[in-house]
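*Asks:* Mind looking over this structure? Questions follow.
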Amino acid sequence: MSNKLFEQVSKCVICEPELPLGARPVVQFNPRARILIAGQAPGINVHKTGIPFNDASGKRLRAWLGLNEAQFYDASNIAILPMGFCFPGKGKSGDLPPRKECAPTWRAQLLAALPNIKLTIVLGKYAQAYHLPQSKHLPLTELVKSWREYWPSHLPLPHPSPRNNIWLKKNPWFEQQVVPELAVRIRTLLDIHNA
């Protein structure tokens with residue numbers, strides 16, 4: 001069933017008329033995955049390559065997780081399901097929001113097909129509103145500061161985009177306190193031992 005579902009998602013064109021570069025769903029999915037990364041929507045580099053987080057955001061995210069590329073792109077470990085599966089286009093101040101068709105069409109089915117998820121990493125306000133609905137009115141800093149309320153099943157993070165460099169400089173506690181605990185939990189869940 002999950003292979004058929006993944007194939008259906010990969011061929012989805014439900015919002016293609018609204019997409020400036022056409023439909024190209026980018027997800028990483030395997031029912032054995034123990035970690036889910038719930039993000040926003042692919043950027044233009046990800047759209048071009050078809051590889052999730054194949055950009056500066058991905059490099060920072062992998063550093064936060066303490067994973068190399070091989071570990072990160074092992075779908076039996078990490079599932080990557082953005083709120084919108086295709087590049088939504090550019091707006092005045094960055095990429096447009098995820099298309100609204102994706103989540104109601106696919107998300108519940110995909111999440112149900114991921115029975116082994118132990119940690120959901122929630123990136124960005126659209127994913128946070130879906131996965132942590134009780135917190136959708138909290139400002140980002142307040143939400144991330146309250147991370148222990150959702151731990152160890154969920155972790156709200158700032159988006160790893162370079163656009164958040166100012167936020168990271170203003171909030172050094174995040175990389176001092178949250179990131180090390182996240183990396184330990186990732187190693188434990190994936191049974192990774194330091195050499």
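*Asks:* For residue 95, work out the one condition from (1) buried (at least 18 other Cβ atoms within 10 Å of the Cβ); (2) acidic (Asp, Glu); (3) in contact with a Cys (Cβ under 8 Å, 6 or more places away or on another chain) it doesn't fulfil.
*Replies:* (3) is the only condition that residue 95 fails.
*Asks:* Just name the residue that is surrounded by the fewest Cβ atoms within 10 Å (Cβ to Cβ) out of those in the range 60-87 that are without any contact (Cβ under 8 Å) to a residue 24 or more places away in the chain and within 13 Å of the chain's Cα centre (by Cα). Working first, answer last.
*Replies:* Restricting attention to the range 60-87, the residues satisfying the condition of being without any contact (Cβ under 8 Å) to a residue 24 or more places away in the chain are 62-63, 68-70, 72, 74.
From the residues that got through so far, the ones that are within 13 Å of the chain's Cα centre (by Cα) too are 62, 72.
On the way: 62: 17, 72: 20.
Of everything passing the filter in the range 60-87, 62 is surrounded by the fewest Cβ atoms within 10 Å (Cβ to Cβ).
*Asks:* Determine if the range 68-77 includes at least one residue that is touching a helix residue (DSSP H, G or I) at 6+ places or on another chain (Cβ under 6 Å) and either under 18 Å from residue 132 (Cα atoms) or small (Gly, Ala, Ser) (or both).
*Replies:* Initially, the range 68-77 is screened for residues touching a helix residue (DSSP H, G or I) at 6+ places or on another chain (Cβ under 6 Å), giving 72, 77.
Checking the rest, the ones that are also either under 18 Å from residue 132 (Cα atoms) or small (Gly, Ala, Ser) (or both) come to none.
Looking through the range 68-77, none of the residues is touching a helix residue (DSSP H, G or I) at 6+ places or on another chain (Cβ under 6 Å) and either under 18 Å from residue 132 (Cα atoms) or small (Gly, Ala, Ser) (or both).
*Asks:* Under 9 Å by Cβ, and 6 or more places apart or on different chains, what pairs join a residue from the range 13-37 that is under 19 Å from residue 101 (Cα atoms) with one that is in a loop (DSSP other than H, G, I, E, B) and basic (Lys, Arg)?
*Replies:* Within 9 Å, the pairs are 14/99; 15/99; 15/100; 18/99; 19/99; 23/11; 25/11.
*Asks:* Just one of 18, 101 is more than 20 Å from residue 185 (Cβ to Cβ), of a type in the set (Asp, Glu) and surrounded by fewer than 15 Cβ atoms within 10 Å (Cβ to Cβ); which is it? Full working, then the answer.
*Replies:* Numbers: 101 fails: surrounded by fewer than 15 Cβ atoms within 10 Å (Cβ to Cβ).
After ruling out the rest, the residue left standing is 18.
*Asks:* Check 70, 75 and return the single one that is in contact with a strand residue (DSSP E or B) (Cβ under 7 Å, 6 or more places away or on another chain), of a type outside the set (Asp, Glu) and more than 23 Å from residue 143 (Cβ to Cβ).
*Replies:* On the way: 70 fails: in contact with a strand residue (DSSP E or B) (Cβ under 7 Å, 6 or more places away or on another chain).
Result: 75 is the single residue among 70, 75 that is in contact with a strand residue (DSSP E or B) (Cβ under 7 Å, 6 or more places away or on another chain), of a type outside the set (Asp, Glu) and more than 23 Å from residue 143 (Cβ to Cβ).
*Asks:* Can you pull out the residues in the range 3-15 that are of a type in the set (A, V, I, L, M), surrounded by fewer than 17 Cβ atoms within 10 Å (Cβ to Cβ) and assigned to a helix (DSSP H, G or I)? Break it down stepwise before answering.
*Replies:* Of all residues in the range 3-15, those of a type in the set (A, V, I, L, M) come to 5, 9, 13-14.
Within this subset, residues satisfying the condition of being surrounded by fewer than 17 Cβ atoms within 10 Å (Cβ to Cβ) are 5, 13-14.
Within the range 3-15, 5 is the sole residue that qualifies.
Listed here are the residues, each with its yes/no results for (1) at pLDDT below 95; (2) at positive phi; (3) not in a loop (DSSP other than H, G, I, E, B).
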site: 17; (1), (2), (3): yes, no, yes
site: 20; (1), (2), (3): yes, no, no
site: 26; (1), (2), (3): no, no, no
site: 33; (1), (2), (3): no, no, no
site: 36; (1), (2), (3): no, no, yes
site: 45; (1), (2), (3): yes, no, yes
site: 51; (1), (2), (3): no, no, no
site: 59; (1), (2), (3): no, no, yes
site: 63; (1), (2), (3): no, no, yes
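*Asks:* Quick check: anything in the range 23-42 touching a His at 6+ places or on another chain (Cβ under 9 Å) and either over 19 Å from residue 62 (Cβ atoms) or surrounded by fewer than 20 Cβ atoms within 10 Å (Cβ to Cβ) (or both)?
*Replies:* yes
The values are calculated or read from the model by the stated rules, or taken from the named source; none is laboratory data. All of these numbers come straight from a predicted model, not from anything done at the bench. When we count neighbours, we look across all protein chains shown, and the Cβ atoms used for this are built from the backbone with ideal geometry, even at glycine.
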